[in-house]
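The numbers here are math on the coordinates, done by the rules we state, and not lab data. Predicted model, so just to flag it, every value in this text is computed and none were measured. Every residue, glycine among them, receives a Cβ derived from its backbone with ideal geometry; neighbour counts consider all protein chains shown.
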Amino acid sequence: MTDIKSSEGKHSHSHPIVFLFLILPFGVSTGYVTVAYAYLFAKAGISVEVIAALVGATLLPHVFKFIWAPLVDAVLSLKKWYILFCIITAAGIFITGVLPIKESSLPLLTVILVLANVAVSFLGIATNGLAAHDTPHEMKGRVGGYSQAGNLGGSGLGGGAGLWLAQHFSNMLVAPAVLALACLLCCMALFFVREPVSTVQAEKALVTIQNLFKDIWLTLKTRMGILAMILCFIPLNTGAASNLWSAVANDWKASADTVAFVTGIMSGFITAAGCLVGGWICDRIHRQTAYIVFGITQIMCAIGMAYCPHTEIMYAFWTSLYAFTLGCAYAAFSAFVFEAIGKGAAGSKFTVYSCLSNFPIYYMTIVDGWAHTRFGPAGMLNTEAALGVVGIILFLILLKLMGRNKPVAA
């Protein structure tokens, strides 16, 4: 692994690809639910609206993880937090294999998945802290791209490989066992990243927590901090429909193998490519402009999929294009936030934005499930596109009111 020389200091920084591997378990745990379990439960006759509720429940810990985020900056080291909760995440994934695929399993499965997502949220906080401290300004776009490539690519891997293994092995423990092992292997990437020297006072727990919240508050008061926070609430670039691709596959007559390959493994590679392209673009143009452009492409993709023939080929084409636009958008969001948070309690500050950004994903997933039940698959996609347009309008109004060309304090 080759380090990259920084222009900001004398030491070398880790290559951005390190953070792709570190965040991989975060994506794997998500994809296993949104692709593998969503498809299997849909085949078992469970409605898309109920599946959307299951997916939404797994997102809830990521909405509220800012509550426990300060612990990661105040106690232990970032690497120790990562190892501990990587083990717990892997255990949570493995345990799901003991439950049968039927509606009566949903309550217990929901509890297990929520707890597993609480664990993986700690892993994500630690990873973002390592990235924020070991990334120079000129590389924030690339690190954001690689980080989201690992997140969304891991989602494709967890979903595609999980569904394929579930379809081809009668023993339901095989899929979760393989994915759990893959998550544990990601700990090897810790050898290639530096443990940062904490800039948060650690002599007393109370003082430490006070400093953390002060650092977070100072960041939120900046113009860039405010803009980044607004992005966390508007229904733009949420990619919520991708959480239900497996559940609605029957509407496009897509087979299990097609779903596993297209929305799983191939989606992971395509989304990762979108993240890298989006990160590269964000280092060359205004990041706010890039975020809006990526949002427009995602809206156009949803509309195109709604009105094209509902066939397996169209399912593969549009979900793949949607995955690429999603990767670009997520890279832009990460780059925007990395620019806003600076250093200090970086893990906590990134987590505040990250968890808030899950709120529109949560409510849009629920809205998409509701819209599918009322208006069908085309209505679901049109509803998401319409709300995306509303999000763009709101963000443009905000930029106008705040003065887009004013100096940015981060």
Practice task
Starting from the Cα of VAL390, step 7 Å along the direction of its Cβ; do the same at MET314; then give the gap between the two resulting points in nm.
Solution key: 2.6
Handout entry: Scaled radius of gyration (Cα, divided by 2.2 N^0.38 Å) that the stretch 21-172 gives
Key = 1.09
Handout entry: Relative contact order (%) - the chain, alpha-carbon pairs under 8 angstrom, separation at least six
Key = 28
Handout entry: Pair THR289, MET188: separation of 7 Å Cα→Cβ label points (nm)
Key = 4.2
Fill in the blank from the handout: PHE375 neighbourhood, Cβ < 15 Å, K/R = +1, D/E = -1, net charge -3
Completion exercise
Per the 1/(1 + (r/R0)^6) rule, R0 = 30 Å and r from the Cβ atoms of ASN171 and VAL75, FRET efficiency to 0.05 is 0.15
Fill in the blank from the handout: So GLU195 and PHE64, fully extended at 0.36 nm per residue minus their Cα-Cα distance, gain in nm 44.6 nm
Problem - CD proxy at 222 nm, helix term only [per DSSP H run n ≥ 4: -39500 (n - 2.57); per residue of the chain; nearest 500] - result: -23500 deg cm²/dmol
Fill in the blank from the handout: If the chain between LEU84 and LEU401 were fully extended at 0.36 nm per residue, the gain over the current Cα-Cα distance would be 109.6 nm
Exercise for the section: Using only Cα atoms, figure out Rg for the chain and give it as a multiple of 2.2 N^0.38 Å. Expected result: 0.93
